[in-house]
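Quick notes on the structure that follows.
Taken together, the values in this text are just the output of simple stated rules run on the coordinates, not laboratory data. These numbers were taken from a predicted model, which means no experiment stands behind them. Cβ placement follows ideal geometry from the backbone for every residue including glycine, while neighbour counts extend to all protein chains displayed.
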């Protein structure tokens, strides 16, 4: 992959980078200038706490309550439940260290976020793939898997369902509120035989990047859900990826345990970044910036799907994305897409790079990994490069077909 | 501890925070302003790579070679060996994940950095305490411990010696170059029976904070040492703790493995912070700032030891620090200092907080943990508070004596 990326003239539709020209340079400069001119300038350059800046925790809780249509005084939205991390990725990592033991099992969307699969693997966690439908998690598949685990006596090792619930990486799928609520109920009904809580890890990293349709509430908003839902999200993607500030809402005792681990990692998220972000989120500039970003990604996504129609053979299928950074592309089943496939080599020869779909499926010996899909990102490439990249990819596909 | 810290009027000489008034507000503002006005402003707010910014890695390697009196082309100082992390703490964490398995053994200074002890504990690593002398590691104690491990067949589990080599946290001791070189030789001589490399982890976090005596070269500078030395340090303490940028020099295959783990943590250190730091380190302002800081800590350290002489009974002993943030104080052996001790309670009653010495000793069943020492920090308290704090602590000690 690395080698491929160094090829001159290559158009990468693989990386999950964000749009470069819309990064908020002027906004950041103004905020930092004010921050460092203020009377308390020094304190912003000093260590913070391990949990994170109080103001940022509070603003984050308030904002989530508002997005979920709940009062900030509702259960689950207390600022004291928030842990600030270096991106939500770090929260997922720390949570995994905290919640799982080697040999434990996690339920994972089929397909799911491949870096999370790598975290699981490095901690000796087994995955069980759950099928997906256009409106999210396939509840029948969830039930079947849970039943199988119960019958085989493996339920005692099951700790959580990991769900990229909004505009999923890699599929772009959003799981509906009704399905999330049902999934939570189903998980709960297996807690007795499991002998411990089964958590829903709701990774909402792409929630703010919706550019079509309407937002839906998080799983935290459901009745009595706060004790079982871990909600994670980030300011990296909606504001600035170079600043790496994310967060999670955690129930105790997970919060306490995760905070202890976070202290061992690096005491806490860089305080300077948190001070910047707390001013960003408190100001009007944040909402404006996210609005601008949504328009930008909408036009990039449109450019990509328009190019699909122009350059891809009819047999190639996809769903138009409503947000996020990705489109998931299905080829006829006989066309392999993995890194050793003819298509991957052909694409490289045409100087275009995609993420092979098989990388996004967890190791689950109870099913075969599909190998005829790809993840394409419209995040960082320019519209011109998106159009040219899809043109090249179309030619590569036609050649292989 | 947390409760104690919230007591109004308390003077904490416990925390390892740095001096607040000397944090480089104006310098940071100027650098960031230039950074975000430049043509490539956006790129500084975008993701970086997992290894870290090329320029910062290169400057870091150059600077270390210079401090060690070596050429930047010498083996061990290649920028490609540098991994940038969120503080050197994170490097220690990732290294521990990478190098050790549960049940492994690490050799640890007696006493050592208590957060590292906590990292070890959370990864199931056993410690063996090595005695200390005024010029560092007690080599006879190192030999004895290694012999014992060999005889008991435990050498196969020994992976590394962890050494806070400059102005140690908590003792302020610097291990001499001769001793570091000998320690490395001794470790090497046990590799054959161990059946694998035994690394020297040189934590040089306080190296730049020397305010008396002369700097000594790192263990990396010794002949053929680069394959066995992991050198870690930080820009947090000499520049700004709120920015959390540290680094390590690692031999392969540790570097490759650690970088993979770092990718799983959060892809890489916040690029924006790295861009700031690379400009800081490239400029003349950095050296000036560190000089200023050294003077500042020298005067704080002097204020503290002067206050010792004025307020402590003769039986209380310490070594005047030559750098870092800490003084290690020895009380008569019968005076316990742990958190349940009379002295700790009495100190709190007098509204002053210290770190009990016993917390700085690893769990090692082959020796008893000393319990008559304390770590005092002159880092963050003002000179006035240092004087008043030691006055209070003196009264508490006298009361218990």
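The table for this structure:
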| quantity | calculated |
| --- | --- |
| Share antiparallel - DSSP beta bridges, the protein assembly as shown, percent rounded to 5 | 50 |
| Size-normalised alpha-carbon gyration radius of region A:6-67, reference 2.2 N^0.38 Å | 1.70 |
| Centre separation in Å (Cα based) which lies between region A:98-174 and region A:183-238 | 13 |
| Nearest-first distances (nm) between copies at residue B:290, label 7 Å from Cα via Cβ | 4.2 |
| Theoretical ellipticity at 222 nm over the protein assembly as shown - DSSP helices of four or more residues, -39500 (n - 2.57) apiece, nearest 500 | -12500 deg cm²/dmol |
| Region B:181-240 shape via C-alpha gyration tensor axes, a/c threshold 1.5 | prolate |
| Principal semi-axes in Å for region B:120-220 [√(5λ), Cα gyration tensor, largest first] | 25, 14, 12 |
| Distance between region A:1-61 and region A:275-310 - C-alpha centres, whole angstrom | 15 |
| Among A:206, A:113, A:93, residue whose mean-square fluctuation peaks in a GNM of chain A (springs only between Cα atoms under 10 Å) | A:93 |
| Spin-label model distance (nm) - residue A:185 vs residue B:80, 7 Å beyond Cα toward Cβ | 5.9 |
| Relative frequency of Cα-Cα separations exceeding 19 Å in region B:306-401, percent | 37 |
| Contact order normalised by residue count of chain B, Cα under 8 Å, 6+ apart, percent | 24 |
| Label spacing, shortest first and in nm, from residue A:8 to its equivalents in the remaining copies (7 angstrom along Cα→Cβ) | 7.0 |
| Linear extension gain, residue B:140 paired with residue B:71, 0.36 nm per residue minus alpha-carbon span | 21.5 nm |
| Rough spin-label spacing in nm, given labels placed 7 Å along Cα→Cβ, for residue B:340 and residue B:148 | 2.5 |
| Average beta-carbon neighbours from other chains, 10 Å sphere, peptide B:32-39 | 4 |
| Cβ-vector label at 7 Å, residue B:103, separations to other copies in nm | 1.3 |
| Residue order, fewest to most beta carbons within 10 Å, for A:296, B:37, A:128 | B:37, A:296, A:128 |
| Stokes-Einstein D (µm²/s) once Rh is taken as the Kirkwood radius of region A:257-329 over alpha-carbon pairs, at 10 °C in 1.306 mPa s | 99 |
| Simple label model, 7 Å out from Cα along Cβ direction - residue A:306 to residue A:349, nm | 3.1 |
| Cα gyration tensor, region B:199-279 - rounded (a/c under 1.5), prolate or oblate | oblate |
| Other protein chain Cβ atoms within 10 Å, averaged over every residue that makes up B:268-275 | 6 |
| Relative pair counts by distance (%), Cα atoms of the protein assembly as shown, 20 Å bins | 15, 46, 32, 6, 0 |
| For A:236-242, mean number of other protein chain Cβ atoms within 10 Å | 5 |
| For chain A, diffusion coefficient by Stokes-Einstein and Kirkwood Rh (Cα), 4 °C, 1.567 mPa s, µm²/s | 59 |
| Computed E for residue B:214/residue A:252 - FRET, C-beta separation, R0 51 angstrom, nearest 0.05 | 0.50 |
| Per-q log10 I(q)/I(0), region A:87-135, q = 0.22 Å⁻¹ (Debye; single scatterer per alpha-carbon; no solvent) | -0.78 |
| Residue with peak Gaussian network fluctuation, chain B [Cα springs, cutoff 10 Å], from B:374, B:304, B:182 | B:182 |
